[in-house]
1. What residue, among those in region 117-156 that are small (Gly, Ala, Ser) and out of contact with any Pro (no Cβ under 8 Å at 6 or more places or on another chain), is farthest from ILE270 (Cα to Cα)?
2. Residue check: is GLY173 out of contact with any Ser or Thr (no Cβ under 7 Å at 6 or more places or on another chain) and modelled with pLDDT of 90 or more?
3. Going by the structure shown, is ARG145 within 19 Å of LEU112 (Cβ to Cβ), in contact (Cβ under 8 Å) with a residue 60 or more places away in the chain, more than 19 Å from the chain's Cα centre (by Cα) and surrounded by fewer than 17 Cβ atoms within 10 Å (Cβ to Cβ)?
4. Do the conditions hold for PHE229, that is, is it assigned to a strand (DSSP E or B), in contact with a strand residue (DSSP E or B) (Cβ under 9 Å, 6 or more places away or on another chain) and within 28 Å of ALA150 (Cβ to Cβ)?
5. Among the residues that make up region 162-177, is at least one of them touching a residue at least 40 places away in the same chain (Cβ under 8 Å), touching a strand residue (DSSP E or B) at 6+ places or on another chain (Cβ under 7 Å) and of a type in the set (Lys, Arg)?
6. Across region 245-260, what is the number of residues that are of a type in the set (A, V, I, L, M, F, W, C), at pLDDT 85 or above and more than 20 Å from LEU213 (Cα to Cα)?
7. Of all residues in region 241-258, which are in contact (Cβ under 8 Å) with a residue 60 or more places away in the chain and either under 23 Å from TYR79 (Cα atoms) or of a type in the set (Phe, Trp, Tyr) (or both)?
8. Return the total of residues in region 240-292 being of a type in the set (A, V, I, L, M), assigned to a strand (DSSP E or B) and within 18 Å of PHE217 (Cα to Cα).
Amino acid sequence: MNRLASFFTQRRRWRAGLLATTSLALPALALGQIPDSTRTHIEADTTAAPVVAPSVSAAGGLPSSEFETYNVNGRGIRYTAALTGIYSTGTVERIYFTTSHTGSLALGKHWLLPAALNYSYGKQDGLLRERELLGLFTPAYKRGRLKYYALAEGEQSNLRAIARRFVVGGGVGYQLYLDTLRNEVTVSQFFIYEHTEFLEGLRRQVPRSSTRLKLRFSKGPVVFTALGFYQPSLQDFTNDYRLNTTSSLNFSVSRHLALTAAYTYSYESIAVENRSSLNTNLTVGFTYSTGK
């Protein structure tokens, strides 16, 4: 009997966790951290590959061509925020924290100024695994079904051994479908210039094409959004490319609060040695929004 009680006491310690008070969230699921022997590497003497992938917002981790997952009518400001935290101890001690913020300022009927910030931090057994930072600014000018974009992005990623990455570019999008419920299908074409410095001093400067598909469907309190990107290098589109998709399912609990499940898939054909080309991630939590 004493052995049985000891067993259940130990199991309770393994499962002990603390969720951040501002969010109900599940830990990120690392689905793609096993190294792929078929991928292309940039050799570098970096630390061992992290065990887990970072949690991201619905659009985090993507060199995005727009961040407005909502529309603002007339002049107004829209802001959303999400916060997830967990601490677990036992066989493995894990500390994990992520927060994402998006904001959009509408200036009249034509100008939209969306921006976003996403940050993740995680340790396992005292070792840094995740320290991910992404900032985006994507001003847009809309005229009818056409939308013209500019893009500026800054990024750091311990997971992918990126000391800093800067992306600038521009492009045009066309709204294939839009109805009164804001269901939407949009395609866009961008040309971007990417400057990446890896942790061991390696540098890459790559011009890319970026083709994007955006979907949004809603029914009652349920909203599904998805963004997909194909980004080949203009210098070597066969061997140097990125595939990124992110999707989210939102259930509105109130006017400003929604329960959100977000899934992200990211693949870079060229990766630093000991870093996985493929990262997939699933998070569940509450998202708070304010504004018009």
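1. GLY144
2. For GLY173, the condition - out of contact with any Ser or Thr (no Cβ under 7 Å at 6 or more places or on another chain) and modelled with pLDDT of 90 or more - is not met.
3. Criteria not met by ARG145.
4. Yes.
5. Taking every residue of region 162-177 in turn, none turns out to be touching a residue at least 40 places away in the same chain (Cβ under 8 Å), touching a strand residue (DSSP E or B) at 6+ places or on another chain (Cβ under 7 Å) and of a type in the set (Lys, Arg).
6. 3
7. THR246, SER247, SER248
8. Result for region 240-292: 5.
The values are calculated or read from the model by the stated rules, or taken from the named source; none is laboratory data. Keep in mind it's a predicted model, so treat the numbers as computed, not measured. Every residue, glycine as well, gets a Cβ built from its backbone with ideal geometry; the counts of neighbours run over all protein chains shown.
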